[in-house]
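What follows is calculated from the coordinates using simple rules that are stated; it is not laboratory data. Quantities reported herein were computed from a predicted structural model and do not represent experimental measurements. Cβ placement follows ideal geometry from the backbone for every residue including glycine, while neighbour counts extend to all protein chains displayed.
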Amino acid sequence: MKKYLILPKPVIIIVLCVLIFSSNACTTIHAYQVGGPQGREMGNQPGTEWESKRTNTFLWGAVRQDVQIKNCSLGDGSRLNIEEFKIEKNFGSILANILTLGIWEPAKISWRCAKPKN
Amino acid sequence: MIRRNGAKTWKNIHVTTKLELEDLIDVDNSNAQGHSVSNYEILNQTSDDINSLIKEAKLNNKHIRAIGAAWALSKVQTTENWLINTKLLNKCIEVESDCFHVDYPTDKKPLLVIAQCGVSVAELNVYLELPKSANQIARSLKTTGIGAGQTIVGAVSGNTHGAAVNFGAVPDFVVAIQLCNGTDSPIWIERSDYHVMNQVFVDRVNSKLIQNSDIFNAVLVGFGAFGVITAFAIETEPLYQLTFPKIEEVSQNKLGSLLGSPDFYSGLHHLEFVFNPYEDDSFYLIAGTKVKYETGHPIPAPLWIITNKLGYAPGDWTTKILLKLPFVSGKFKSNVQFKEYLKNAVLSNVRGTSGQLYTATITYLEGYNETAFAVSIDDAITTISILKQITRAMKLPLVIQARVVKPGKATFGFTNLLPKAVVFEFGIVNDSTYPEFEQMLIDQLRNANVKYTLHWSKNSLVSRERLVEMYGQTNVDIWKNSRNTLFNNDTELMRVFNNIHLEEAELDM
Ligand SMILES: Cc1cc2nc3c(=O)[nH]c(=O)nc-3n(C[C@H](O)[C@H](O)[C@H](O)COP(=O)(O)OP(=O)(O)OC[C@H]3O[C@@H](n4cnc5c(N)ncnc54)[C@H](O)[C@@H]3O)c2cc1C
């Protein structure tokens, strides 16, 4: 007789959470500005360091958790553009998505703001 | 204004350094009144903001480090307390005619620009090459590195270099420095024998003037140890173009004889060669000449772009995995890498301005390190043999690039070797083989009596012995004395700017 190791549900959830919140990105999608005037490439010219937030989508998108970006502004409150962002999914978040058949889809969103006009 | 973002986990661009910060602080040019202010007010607000942060840090026993674009791969930007992001301080300022020192040459006045610390090389290129005002002439930077993403102060502080065989490295076009270090007022530093600005200007920027070549040369390559540099006065040139013929394959004998003949390179602006260390007798020569700016030439495509037209690129960790693939030889990996390198990363059959040619900005290669060291051009061929031997012995996948630079004056300028410095550099996976490779290399260079210096922004920690070996005790003393003088021997204030990198080299006191 084969023996299967069946873990109790809370343990599975704890293991998943640890995987989601601790491990490095497994897949990363980058979106960034490119180009510049007359061939002077200005890609990857952020004004700030990376800021990030974890986000969850439930029930195949029926409930979403928005990421509100508050740091893309100067000290006086005037707004900066967003230079780039990335969406990261680690092993845990991919597994959570598969095991829940897409009911829970966690991801990490990171961004850097653009520089002010000089 | 100052914005405190609080505690953060922070990584540099290639993720070779990870820090747990107490506070990540943004400083920018906006003001509480919300209206536009004069250029002097902008400079003065910045120095007030920065000096107030430094004084607060001293009071609270905190360390501070300024960062630019975080492109440095070594520990030079390390701190555990407060990291100051300077990238939002990106103004370029023209100097009014009543502000120049009487000794400053008239023909150089329209070419001088005050660059705030956080302006990037790419922003400077656009500002200089495409002037918005009819009163300004189009200008070019005298040299840059391959990339254009560094901030001007970050680039200078780590001795960024290109291949300006007859000019020098990035620090060599700086002629004045504004430094904030928590003492009474900002300090405006110039060389004792090269006066740029007069007292009118120095008063307008609320600074104290120091004209001292030893101090100036020490601060240039100072990796944030002297305080926060808020602005530089830089000298530029009237807009020029560089023209590169198709790269030429040469043998080792031919390369040796070209590097040994100043007549060959006296007319060049850019001199570089690349090679695959597994090939026995093949080198590719990349030689660029400065020419008059002319319109009508096709705009060069940016180099080093690893993303194809549909947007596909290797994932963040792919390069590391591919380079570590078991059962595939280092030679095979180097051959593949070298082919791609020749296709995507060399200046061949192209003409453009400095801002159009030196653009490499988009690179996400996590876990990938860049390492570089310089030797005299007289030792270049010996060094090539050593590099080939170690690479083959360790079976490493490497592509080697070598760029020739005229020596400069910075006390810790790693490109100061006479009669010209040749900087050898290569990308290498950031794991335990990297320090092993570096140590083997240094041992072999020593055995062969080859004097070397390591790139400040790219190599592992420098111990005191290694520092003295590279720069000599006299230069180490000049650098340390300059630091003491600028901080008025206030050890508590100096401590604010100490970090692991300084401690290891015993430069901290
Ligand atoms: C893609 C890429 C390409 C590169 N190409 C080249 C090249 O061609 N040639 C070359 O020589 N190097 C090259 N480098 C290395 C790079 O030029 C150096 O690491 C440079 O120092 C980075 O500048 P930064 O603005 O990113 O500064 P950072 O990495 O943020 O900081 C570098 C040092 O400067 C100090 N610093 C920054 N701002 C201030 C300030 N306002 N006041 C005081 N100290 C300050 C920091 O504390 C730190 O010690 C490259 C690196 C990358 C990632």
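Solvent-free Debye calculation, one equal scatterer per alpha-carbon of the range A:25-113: log10 I(q)/I(0) at 0.13, 0.14, 0.16 Å⁻¹ equals -0.55, -0.61, -0.74. In summary, the convex hull built on the alpha carbon positions of the protein assembly as shown has an orientation-averaged projected area of 32.1 nm².
Taking the longest Cα principal axis of chain B as reference, the axis of helix B:330-344 is set at about 60 degrees.
Mind checking the log10 I(q)/I(0) for chain B at q = 0.06, 0.08, 0.12 Å⁻¹? Debye, one equal scatterer per Cα, no solvent, two decimals. Debye curve over Cα of chain B, log10 I(q)/I(0) at q = 0.06, 0.08, 0.12 Å⁻¹: -0.27, -0.48, -1.14.
Please figure out what share of the DSSP beta bridges in chain B is antiparallel and state it in percent, rounded to the nearest 5. Working shown, then result.
Details: 66 of 79 bridges.
In chain B, DSSP labels about 85 percent of beta bridges as antiparallel.
Net charge of the neighbourhood of B:K395, taken over other residues with C-beta under 11 Å away and scored Lys/Arg +1, Asp/Glu -1, is +3.
Remark: spin-label model distance A:I14-B:D103 equals 7.3 nm, labels positioned 7 Å along the Cα→Cβ axis.
Put a dot 7 Å past the Cα of A:R79, heading toward its Cβ, do the same for B:E340, and the two dots end up 3.9 nm apart. Put simply, the range B:347-418 fits an ellipsoid with semi-axes of 24, 21, 14 Å; these come from the alpha carbon gyration tensor as the roots of five times its eigenvalues, largest first. Over the range B:240-454, with a single point scatterer placed on each C-alpha, what log10 of the ratio I(q)/I(0) does the Debye formula yield at q = 0.09, 0.14 1/Å? For the requested q values the scattering log ratios are -0.38, -0.95. Rounded to the nearest Hz, the phi-derived 3J(HN,Hα) couplings of the range B:390-406 under the Karplus curve 6.51 cos²θ - 1.76 cosθ + 1.60 (θ = phi - 60°) are 5, 4, 5, 5, 8, 6, 8, x, 9, 10, 10, 10, 10, 10, 9, 9, 6, where x marks glycine and proline. Counting only DSSP beta bridges with both residues in the protein assembly as shown, the antiparallel share comes to about 90 percent. Which FRET efficiency value, to the nearest 0.05, do you get for B:D431 and B:S52 by plugging their Cβ-Cβ distance into 1/(1 + (r/R0)^6) with R0 = 60 Å? Working from the Cβ atoms, E equals 0.90.
Note down the net charge around B:S185, summing +1 for each Lys or Arg and -1 for each Asp or Glu among other residues with Cβ under 11 Å from its Cβ. Residues near B:S185 contribute -2 overall.
For the range B:231-299, compute the orientation-averaged projected area of the C-alpha convex hull (one quarter of its surface), in nm².
If I average the Cα hull's projected area over directions, I get 7.6 nm².
A P(r) calculated from all alpha carbon pairs of the range B:29-96, with 10 Å bins opening at zero, reads 17, 40, 32, 11, 0 percent. Here the range A:63-118 is assigned +1 on the Cβ of each Lys and Arg and -1 on the Cβ of each Asp and Glu. Its dipole about the Cα centre then comes out at about 160 debye. For B:N206, the shell of other residues with beta-carbons less than 11 Å away shows a net charge of -2, using +1 for Lys and Arg and -1 for Asp and Glu.
Taking all Cα pairs closer than 8 Å and separated by 6 or more residues, the relative contact order of the range B:240-454 comes to 25 percent. Calculated [222 nm] ellipticity per residue, helices only, for chain B: -9000 deg cm²/dmol; basis is -39500 (n - 2.57) per DSSP H run with n ≥ 4, divided by all residues, nearest 500. Determine the gain in length on full extension of the stretch B:Y293-B:Q473; use 0.36 nm per residue of separation and subtract their C-alpha separation, reporting nm with one decimal. Here the segment from B:Y293 to B:Q473 would lengthen by 60.3 nm.
The angle separating the long axis of helix B:39-59 from the principal Cα axis of greatest extent in chain B is about 90 degrees.
Which aspartates and glutamates does B:K320 reach when only Cα atoms under 15 Å apart count, and residues fewer than 8 places away in its own chain are ignored? Excluding near neighbours in sequence, the set is B:E366, B:E370, B:D431.
Modelled spin-label separation between B:R4 and B:S251, with each label point placed 7 Å from Cα along the Cα-to-Cβ direction: 6.8 nm. Kirkwood radius, the range B:63-217, all distinct C-alpha pairs, inverse of mean reciprocal distance: 16.7 Å.
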